[in-house]
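> The following block contains the structure, expressed as structure tokens.
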Amino acid sequence: MTKQFPKNFMWGGAIAANQAEGAYNLDGRGLTATDVTTGGSVKMPRYTTYIDKDGKPGKVASMGHNGVIPEGAKYAVLDTEYYPNHQAVDFYHRYKEDIKLFAEMGYSIFRLSISWARIFPNGDDIRPNQAGLDFYRSVFEECRKYNIEPLVSIWHFDTPLSLEERFGGWTNRKLVDFYVKYAETIFREYKGLVKYWLTFNEINNTIMFLDMMSDISGKEATDKEYQDAYQHLHHQFVASAKTVQIGHAIDPNYVIGNMICGITFYPGTCDPKDILANQHKWEQGIYYCGDVQAKGKYGTYAKRLWKEHNVELVMEDGDLEILEKGKVDMYTFSYYMSNNVTTHEVEDKVSGNFSAGAKNPYLTYSDWGWAHDPVGLQYYLEKIYDRYEIPLMVVENGLGAFDTVEEDGSIHDDYRIDYHRAHIKAMADAIDNGVNLIAYTTWGCIDIVSAGTGEMRKRYGFIYVDMDDAGNGTLNRTPKDSFYWYKEVLATNGLNVLEESDR
């Protein structure tokens, strides 16, 4: 019998405010880290820009979304640099056009994020910015017009820059209350318009980036950096748990989830040391954040992780009870690739955008060094569902690739179709094996600025946006071949893909 997706399975796509909206300084919005982050490439990092204490401009390489600027310096937008997120793809002004295209594809769910700095420009303002509230209300109403369910990330790498400057970011406990006030504001504002919420996007990247920095540079992160990272995470865990409780009190129908950067890790060899190293990688990179948010407690291995870097986690009385009471309703994650873990020296290594380690000889790799591994998605789904037994969503999955516009304006992206076809089949296999998977939102439904490199040529969307890496172009939208293919997937609830595998 042909495998089937559940009748109420939700299909759609995903974007993030800082990569899509643009309008970075309009209608009262405050700055975030991406607004002081330059463009880059697979071979050149993005940079965070600043003015030092002597008034001189400077920039520092950024791993993730903001680099560590010199003491006494202030984040700054410099006239000499190009910041791709300032305009992005102008979703702020074109959201009605874009949502109409999503509806044409047949979306039942659309994942997007709210920019905290659009609601509270400084992060701790007494009153919210009405223009920001009105913008997102209009976006959600437009979604509802087409019977599209919004899936809203409350935080997607966009802490207001003012909080970073004045309080040092999430290492400061004060951010918990600022975030909770922001979350409560939007919970109340959009009650009846939004049902599905995610507290923190790819929360585990805080730790993953430290390991990645070590793998790429060969220089181990310091104990102080790990202390700050684990403290940062504890404050976000507490904020998430408080937010879950407040959300349920405001509307019992709210479904609130976490969001993990999902990477499947394999042992590089059958050497027992590799097997153990791989287990420890899962614990640190994946389970540490998932366990706290889905189980409501730190895993038994957490003390070992803290001890490895002399971390002394500062908790307040009642924090562990808050974590227990604030468990999420669903587990959501991104999935792009898998990585190999080995204790042995290897010659064939991965080198690219947010990727490092030993190459897997059984897999192919993208132009940005990401392994193409749909079986890894099935493995991750089955492993995670067995651990938590709560509904799962795949909320990011896609192929960043170069697209060519033909003379007639068409874009033939069979490689993107092949990528999604394989991952959809993997999801169906996991569902057939008992996994309660309820939604799939591809990254991104439309071309947007790459978070890792700041490029436009690294394209994920089913809809082409006419803009290059320097910000030149009309911003006109053009459906690619994958647009029409995905439309058929949604119209048949994935049956067209699954029937292919039975032939």
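FYI, it's all coordinate maths here, none of it is from the lab. What you are looking at is a predicted structure, and each value in this text was computed from that prediction instead of being measured. Glycine also receives a Cβ, built like all others from the backbone with ideal geometry; neighbour counts cover every protein chain displayed.
> As an exercise, use a Förster radius of 30 Å and the Cβ-Cβ distance of residue 321 and residue 137 to find the FRET efficiency, rounded to the nearest 0.05.
Between residue 321 and residue 137 the formula returns 0.30.
> Classify the stretch 71-193: rounded, prolate or oblate, from the alpha-carbon gyration tensor (a ≥ b ≥ c, eigenvalue square roots; a/c under 1.5 rounded; otherwise prolate if a/b is larger than b/c)?
Oblate, because a/c is 1.5 or more while a/b does not exceed b/c.
> Using θ = phi - 60° and the Karplus relation 6.51 cos²θ - 1.76 cosθ + 1.60, list the HN-Hα couplings for the stretch 298-307 in order, rounded to whole Hz, with x at every Gly or Pro.
After applying 6.51 cos²θ - 1.76 cosθ + 1.60, I find 6, x, 4, 7, 4, 4, 5, 4, 5, 5 Hz.
> Counting Lys and Arg as +1 and Asp and Glu as -1, each charge on the Cβ, what is the dipole of the stretch 44-108 about the Cα centre in debye, to the nearest 20?
It comes to approximately 80 debye.
> Here's another thing I want to ask about it. For the stretch 162-228, what class follows from the C-alpha gyration tensor (a ≥ b ≥ c being the square roots of its eigenvalues): rounded when a/c is under 1.5, otherwise prolate if a/b is larger than b/c, else oblate?
In terms of gyration-tensor shape, oblate.
> So which helices of the chain fit the span-like rule, where a helix is a whole DSSP H run, its Cα atoms reach 24 Å or more along the axis, and its mean Kyte-Doolittle is at least -1.0?
Helix filter hits for the chain: 223-250, 414-432.
> Turning to a different aspect of this structure: Nothing charged except the Cβ atoms of Lys and Arg (+1) and of Asp and Glu (-1): what's the magnitude of the dipole of the chain about its Cα centre? Round to the nearest 20 debye.
That gives the chain a dipole magnitude of about 960 debye.
> Can you grab the distance from the C-alpha centre of the stretch 141-204 to the C-alpha centre of the stretch 216-289, Å, no decimals?
Value for the Cα centre distance between the two parts: 19 Å.
> What list do you get for 97, 347 if you sort them by fewest beta carbons within 10 Å?
Fewest-to-most ranking of 97, 347: 347, 97.
> Among (1) 151; (2) 164; (3) 128, which is the computed volume of the Cα convex hull per residue in Å³?
Looking at volume of the Cα convex hull per residue in Å³ for this model, the match is (1).
> Once the dipole of the chain is set up with Lys and Arg at +1 and Asp and Glu at -1 on Cβ about the Cα centre, which of 105, 388, 249 lies farthest towards its positive end?
249
> Now a separate question. Rounded, prolate or oblate: which fits the stretch 346-503, taking a ≥ b ≥ c as square roots of the Cα gyration tensor eigenvalues, rounded meaning a/c under 1.5, else prolate when a/b beats b/c?
It comes out oblate by the Cα gyration axes.
> Taking the Cα centre of the stretch 371-455 as origin, sum charge times position over the Cβ atoms of Lys and Arg (+1) and Asp and Glu (-1), and report the length of that vector in debye to the nearest 20.
Here the stretch 371-455 has a charge dipole of around 500 debye.
> Same structure, new question: Using the Cα centre of the chain as origin and beta-carbon charges of +1 (Lys, Arg) and -1 (Asp, Glu), tell me which of 205, 366, 140 is placed farthest towards the positive end of the dipole.
Toward the positive end, the furthest listed residue is 140.
> Same structure, new question: Determine the equivalent ellipsoid of the stretch 246-343 by diagonalising the alpha-carbon gyration tensor, then write out the semi-axes as square roots of 5 times the eigenvalues, largest first, rounded to whole Å.
They are 30, 19, 8 Å, listed from largest to smallest.
> Which Cα, out of 121, 479, 178, lies furthest along the positive dipole direction of the chain (beta carbon charges, K/R +1, D/E -1)?
178
> If you stretched the chain out fully between residue 500 and residue 300, how much longer would it get, using 0.36 nm times the residue separation minus the C-alpha to C-alpha distance?
So the chain would gain 67.6 nm between residue 500 and residue 300.
> How much length is gained on full extension from residue 349 to residue 271, taking 0.36 nm per residue of separation minus their Cα-Cα distance?
The residue 349-residue 271 span can extend by a further 26.2 nm.
> Say R0 is 60 Å: what FRET efficiency, to the nearest 0.05, do residue 53 and residue 412 get from their beta-carbon distance?
After rounding, the FRET efficiency stands at 0.70.
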